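Let me begin by presenting the structure, written as structure tokens, before commenting on it.
Nothing in this text is a laboratory measurement; each read-out follows from the coordinates by a stated rule. Given the structure is predicted, the values throughout are model-derived calculations rather than measurements. Heads up, the Cβs are rebuilt from the backbone with ideal geometry, glycines too, and the neighbour counts pull from every protein chain shown.
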Amino acid sequence: MKQGLFTITENTALTDSVYRMRLAGDTSAITAPGQFVNIKLDGFFLRRPISVCDCVDGELTILYKVVGKGTEAMSRMSEGETLDVLSGLGNGYDLTLSGNAPLLLGGGVGVPPLYMLAKQLIAEGKKVRAILGFNTKSEVFYEEEFRALGADVTVTTVDGSYGVKGFVTNAMAEAPYSYFYTCGPEPMLKAIFRASETEGQFSFEERMGCGFGACMGCSCKTIYGNKRICKEGPVLKKEEILWEK
């Protein structure tokens, strides 16, 4: 974990509620896709945890959804402003288990961390298939960015207004896969757990107090006992997770 000041170089709306922010600063603590940053905002007590979408040569990209006063304040920020950022938080995805044809499944704001993952897997010569799930066509983002990496992309929408009608699980059976990686809301993760044919890794979206394991406010039951999403996660392996009924 490293704390530092980052300068905003871009803050652009991708949809009515999802924004892309690029930040310049020391990214040396970010070592794996699936990690997250914790951002301090003036006037707010708790930092905002946001997954890393991409990280290249001192530039950090995050995608965030405006869901409250904190992220709404972020959406009004301009280029040149600075943010106090804790970076390199959490454990990311393990790429060594991917096999040759990994499947990536993202739901809504669970899509962003899969971008950096896809980028690295494709750089290793893996044949990556990505299924990106949204509620409706107006909420779709980063489809073309995944395609530009060389991923085979399928988009699903719950209302059928774009792509495959239904959830990401409705598109899982279209092609075989060697392993899967996923991030999204818990109901989606549970559905993937039931529908998946292989082992895989789940990245959990969770409200966090401190963001680095001190408060035990974000935890998940596993076969090894409770694991803190911010410290031992946010990525956990399928075989270790014990779902609450």
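Values as computed for the structure displayed
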{"read-out": "Formal net charge of residues neighbouring F134 (Cβ-Cβ distance under 13 Å; K, R +1; D, E -1)", "value": "-1"}
{"read-out": "Residue exposure sequence - I39, I122 - by fewest surrounding Cβ within 10 Å", "value": "I122, I39"}
{"read-out": "Nearest 10 degrees, 0 to 90: helix 112-123 Cα axis against the chain principal axis", "value": "60 degrees"}
{"read-out": "Mean Cα-pair separation over length for the range 29-171, i.e. relative contact order, pairs under 8 Å, 6 or more apart, %", "value": "20 percent"}
{"read-out": "Structure-derived mean projected area of the Cα convex hull in nm² - corresponding label in (i) 12.5; (ii) 15.5; (iii) 13.9", "value": "(i)"}
{"read-out": "Other-chain or far-sequence residues with amide H under 5 Å of L105's (modelled H)", "value": "I131, Y181, T182, C183"}
{"read-out": "L14 long-range amide H proximity, modeled H, under 5 Å", "value": "Y19, R20"}
{"read-out": "Loop-located trypsin sites (Lys or Arg not before Pro) in the range 42-76, at most 10 other Cβ atoms within 10 Å (DSSP)", "value": "R76"}
{"read-out": "Note, ³J(HN,Hα) from phi for the range 45-58, Karplus 6.51, -1.76, 1.60, rounded to Hz, x at Gly and Pro", "value": "6, 8, 6, 9, x, 9, 5, 7, 8, 7, 8, 9, 6, x"}
{"read-out": "³J(HN,Hα) computed for each position of the range 177-188 - Karplus, 6.51 cos²θ - 1.76 cosθ + 1.60, integer Hz, glycine/proline x", "value": "9, 8, 5, 9, 10, 8, 8, x, x, 4, x, 5"}
{"read-out": "Hz values of 3J(HN,Hα) by residue in the range 21-26 - Karplus curve (6.51, -1.76, 1.60), Gly and Pro given as x", "value": "10, 10, 10, 9, x, 7"}
